[in-house]
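This report concerns only the one structure given below.
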Amino acid sequence: MTARLRVDLEALAANIERVRDTVAPAELMLVVKDDAYGHGLAPVVRAASAAGVTWFGAFDARTGCAVRDVVGDDARIFAWIAASRDDLDAAIAARVDVGVGDAELLEELAEAARDSRALARVHLKIDTGLHRNGVRPEAWPGFVARAAAIEAAGVIEVVGVWSHIAEASDAEDDDARRIYEWALEQAAAAGLRPAMRHLAASAASFARPEFRYDMVRVGAFCYGIRSAGGPSARELGLRPIGTLEADVLRVDGAAVRIELGALDGLPSSLRLRATVGTPAGGRQLLSVGDSESLVAAWPDAAAGDVVTIYGPGAQGEGTATDLAELVGTIGEEIALRVSPLVQRSYTRR
Ligand SMILES: *Cc1c(COP(=O)(O)O)cnc(C)c1O
């Protein structure tokens, strides 16, 4: 297969700097779930660490441990999904902070910490309306009281209080923030002093300063993936870090054949909708097969010419979101589809 995903680590570092400038004095937690949004966990974590990132958001405990292996001792790592006692033991051993949004999990974590004679660092999660785990407001006062008691016993350290918001409408986010503020008051009343209050992801971290608190959890914007229907990458001051491209295999009359298809992650719904980058400018994507696709030819097209699906050199700004909007989805959906079998390469331009 000649298709490849080129990842520009220089652009990653520039985006990280842009995000940090925007959200300061709040800290940046770089979210690296889903193999760093398909760009490759280890190279992204290494480059981000070199760019000064000290907090990583890892989704599950296993990914958190993988990040620890890459960054070494210094970085702080946060994982918000722990499915089993093994996960909790592994997180404690690797000094991965655990997000806890459930009273039973809090007890399990405390037990794991007691057994391993190590402090477990936790971030307590309030459900502010998304209903994607998190402690419901009616159970929150009892939950924080219990966490304070376990902390006083020296078993856990409550590092953070956090939640996740939809970022779909300002009004809904405002409602969520009111619940979050109340949850912080309740935590304080229980005697907790969380150093890290975090609520916002990419969109709110830029658009809503009052949502930044001590830290923002940002994935998409650091990878140069803007929000669908939102400000352009240029307006945000961000660059796409991934370039998905493939060589022309051969010219078939009025079309050229490229070695990249639906099985490699090119959505077939883009057929007759997407314009892709070619040496002669934009050309229409004519069809998407399993492993090969057709693009409208240009004069003197030849085998070996490069066709760019997204990234600099593609149409528009080249973000995965430009393609996503053609088929009514979000940029992450396009970026995450790229098969792990598509070769990744890393450059610092
Ligand atoms: C994915 C995720 C983020 C990052 O969201 P982006 O919009 O990509 O910045 C933040 N927090 C949680 C809990 C997430 O799952």
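The values are calculated or read from the model by the stated rules, or taken from the named source; none is laboratory data. All values reported here derive from a predicted model rather than from experimental measurement. As a convention, Cβ positions derive from the backbone with ideal geometry for all residues, glycine included, and neighbour counts pool all protein chains shown. Just so you know, the surface numbers come from the protein's heavy atoms only, side chains and all, with ligands and any DNA or RNA stripped out. Shrake-Rupley method; radii C 1.70, N 1.55, O 1.52, S 1.80 Å.
Quick notes on this structure:
- When each of 270, 249, 184, 263 is tested for being away from the ligand (no atom under 16 Å from the Cβ), closer than 28 Å to residue 136 by Cα, in contact (Cβ under 8 Å) with a residue 12 or more places away in the chain and surrounded by fewer than 23 Cβ atoms within 10 Å (Cβ to Cβ), the lone residue that passes is 184.
- Residue tally, condition on the phi < 0 side of the Ramachandran plot and open to solvent by 10 Å² or more (accessible area, probe 1.4 Å), over the stretch 56-67: 5
- Residues located in the stretch 188-217, provided they are small (Gly, Ala, Ser), over 24 Å from residue 56 (Cβ atoms) and assigned to a helix (DSSP H, G or I): 188, 189
- Answer from 220, 204 - the residue that is without any contact (Cβ under 8 Å) to a residue 60 or more places away in the chain and within 10 Å of the ligand (Cβ to nearest atom): 204
- Flag if residue 26 is within 18 Å of residue 77 (Cα to Cα), of a type in the set (Gly, Ala, Ser) and buried (at least 24 other Cβ atoms within 10 Å of the Cβ): no
- Of all the numbered requirements in (1) under 30 Å from residue 329 (Cα atoms); (2) at pLDDT 95 or above; (3) among the charged types (D, E, K, R), residue 167 misses one, and that requirement is (2).
- Of the residues making up the stretch 214-224, just one is open to solvent by 10 Å² or more (accessible area, probe 1.4 Å) and farther than 10 Å from residue 31 by Cα, namely 214.
For every residue, the table says whether it meets (1) within 16 Å of the ligand (Cβ to nearest atom); (2) in the same structural domain as residue 157 (by TED's automatic domain parsing); (3) among the acidic types (Asp, Glu); (4) more than 24 Å from residue 187 (Cβ to Cβ).
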| residue | (1), (2), (3), (4) |
| --- | --- |
| 23 | yes, yes, no, no |
| 29 | yes, yes, no, no |
| 48 | yes, yes, no, yes |
| 73 | no, yes, yes, yes |
| 103 | no, yes, no, no |
| 106 | no, yes, no, no |
| 118 | no, yes, no, no |
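- Scanning the stretch 68-84 for residues that are open to solvent by 40 Å² or more (accessible area, probe 1.4 Å) and at pLDDT 95 or above returns 69, 70, 76, 80.
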